């Protein structure tokens with residue numbers, strides 16, 4: 001019997017932003033899947049035109065309250081490459097700690113408060129807190145550490161204000177960061193409790209052959225910079241992004257979809273990073289992966305919650321090492337000499353690679369901006385995953401069909417607000 005599953009109550013719950021999911025079946029297979037992003041675009045790319053380069057990091061951080069650092073760092077990478085700026089290594093270290101703080105708070109939020117209710121058959125985190133308050137408290141404590149790291153370096157927890165082209169406005173003292181190490185050390189020891197929790201969850205299974213795309217940094221597990229690589233042999237600098245990936249508009253969404261140049265959907269985010277850069281994880285993270293029995297190759301999207309747990313363990317260890325090595329720089333920034341040109345920047349937001357490109361004129365103003373967030377790149381892949389779940393969806397009762405469909409989307413931890421920057425507005429004559 002033909003049926004339609006509409007996931008729009010709330011609307012689509014436990015994601016950042018507003019969207020809905022519609023699945024049409026003909027009784028034997030899924031006929032159509034549409035992830036409808038109806039949140040209005042906010043036109044940040046247009047807002048940047050005419051702005052000076054120095055204003056951009058603070059403006060783009062407002063695109064997202066969960067991953068503002070990613071937007072700042074991608075823009076800084078672009079401008080500093082164009083202007084030939086080499087940032088002091090201690091400033092680079094501060095940026096990494098700040099970025100790890102963002103990963104920690106984002107991953108903790110997703111694992112415990114956005115994804116866990118799905119696996120535990122709870123409607124939301126409020127209901128989950130009534131059932132298991134200690135579980136939710138652990139999430140809040142972990143998220144608090146990430147926020148504290150962002151505040152210590154960025155000046156505040158959300159939309160940090162410390163980063164600038166050429167460095168940082170004010171570098172914190174060693175003592176300011178060291179004050180966070182007792183809580184950091186406590187959470188490093190307790191992260192295995194999270195691993196145990198994640199491994200105990202009853203997860204659906206989905207086999208698929210998927211193109212994975214992430215950054216790769218020869219020095220470390222990629223976070224703040226790198227070249228773009230894939231499991232299909234792609235290896236390009238940030239400037240090659242638009243030669244290899246294309247965006248197209250669908251008629252049911254305010255957000256563009258992305259595909260590879262040859263028309264394939266692809267996946268960015270923790271699962272891609274994990275498979276492509278597993279060898280660069282620290283020993284604690286690798287041991288956790290072995291304990292969870294999820295060593296690569298592994299592309300089941302329902303294991304993404306486990307991958308985030310591994311990345312969280314990795315992040316805690318890296319932050320501890322970075323703080324231990326940190327020395328306050330003598331100069332927190334270097335002079336910025338503006339020059340015109342086209343520039344490109346990428347970094348690894350919690351949800352995947354975040355691409356920026358800018359055209360800068362001789363007055364240091366932005367003439368064109370293009371920003372491609374990870375959720376926009378993942379949207380076509382999300383729909384494809386739901387199609388692959390068709391046999392389970394068709395057999396399931398309505399509520400279970402809805403749960404499985406929502407889980408397939410939430411595996412990506414989509415930030416729908418971030419994905420609505422690319423509305424192509426076209427006027428047509430009615431005659």
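The values are calculated or read from the model by the stated rules, or taken from the named source; none is laboratory data. Here the structure is a predicted model, which is why all the values come from computation and not from measurement. Here the Cβ is made from the backbone with ideal geometry for all residues, glycine too, and neighbour counts use every protein chain on show.
For this structure, a couple of remarks:
- For the condition closer than 27 Å to residue 165 by Cβ and in a helix (DSSP H, G or I), residue 322 qualifies.
- Only residues that are over 22 Å from residue 37 (Cα atoms) and touching a helix residue (DSSP H, G or I) at 6+ places or on another chain (Cβ under 6 Å) were counted across segment 370-391, and they come to 0.
- Yes/no for residue 208 being in contact with a helix residue (DSSP H, G or I) (Cβ under 8 Å, 6 or more places away or on another chain), more than 30 Å from residue 81 (Cβ to Cβ) and surrounded by 16 or more Cβ atoms within 10 Å (Cβ to Cβ): no
Okay, residues lined up against (1) more than 18 Å from the chain's Cα centre (by Cα); (2) buried (at least 18 other Cβ atoms within 10 Å of the Cβ); (3) in a helix (DSSP H, G or I):
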| position | (1), (2), (3) |
| --- | --- |
| 190 | yes, no, yes |
| 198 | yes, yes, yes |
| 204 | yes, no, no |
| 223 | no, yes, no |
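- Qualifying residue in segment 37-50 (condition: part of a helix (DSSP H, G or I), in contact with a helix residue (DSSP H, G or I) (Cβ under 9 Å, 6 or more places away or on another chain) and modelled with pLDDT of 90 or more): yes
- Hey, residue 90 assigned to a helix (DSSP H, G or I), within 22 Å of residue 173 (Cα to Cα), in contact (Cβ under 8 Å) with a residue 12 or more places away in the chain and in contact with a helix residue (DSSP H, G or I) (Cβ under 7 Å, 6 or more places away or on another chain) or not: no
- Filtering segment 225-241 to residues that are assigned to a helix (DSSP H, G or I) and either in contact with a strand residue (DSSP E or B) (Cβ under 6 Å, 6 or more places away or on another chain) or over 30 Å from residue 80 (Cα atoms) (or both) leaves 238, 239, 241.
- Unmet requirement for residue 291, which otherwise passes all of (1) under 29 Å from residue 207 (Cβ atoms); (2) without any contact (Cβ under 8 Å) to a residue 24 or more places away in the chain; (3) surrounded by fewer than 18 Cβ atoms within 10 Å (Cβ to Cβ): (2)
- Taken over segment 249-269, the criterion of being out of contact with any strand residue (DSSP E or B) (no Cβ under 8 Å at 6 or more places or on another chain) and touching a residue at least 60 places away in the same chain (Cβ under 8 Å) is satisfied by 254, 255.
- Filter result for residue 159 (in contact with a helix residue (DSSP H, G or I) (Cβ under 6 Å, 6 or more places away or on another chain), crowded, with 18+ Cβ neighbours inside 10 Å and not in a helix (DSSP H, G or I)): yes
- Index of the failed condition, residue 152 passing every other in (1) under 23 Å from residue 308 (Cα atoms); (2) in a helix (DSSP H, G or I): (1)
For (1) surrounded by 24 or more Cβ atoms within 10 Å (Cβ to Cβ); (2) at pLDDT 90 or above, each residue gets a yes or a no:
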| residue | (1), (2) |
| --- | --- |
| 343 | no, yes |
| 360 | yes, yes |
| 371 | no, yes |
| 383 | no, yes |
| 396 | no, no |
| 424 | no, no |
| 428 | no, no |
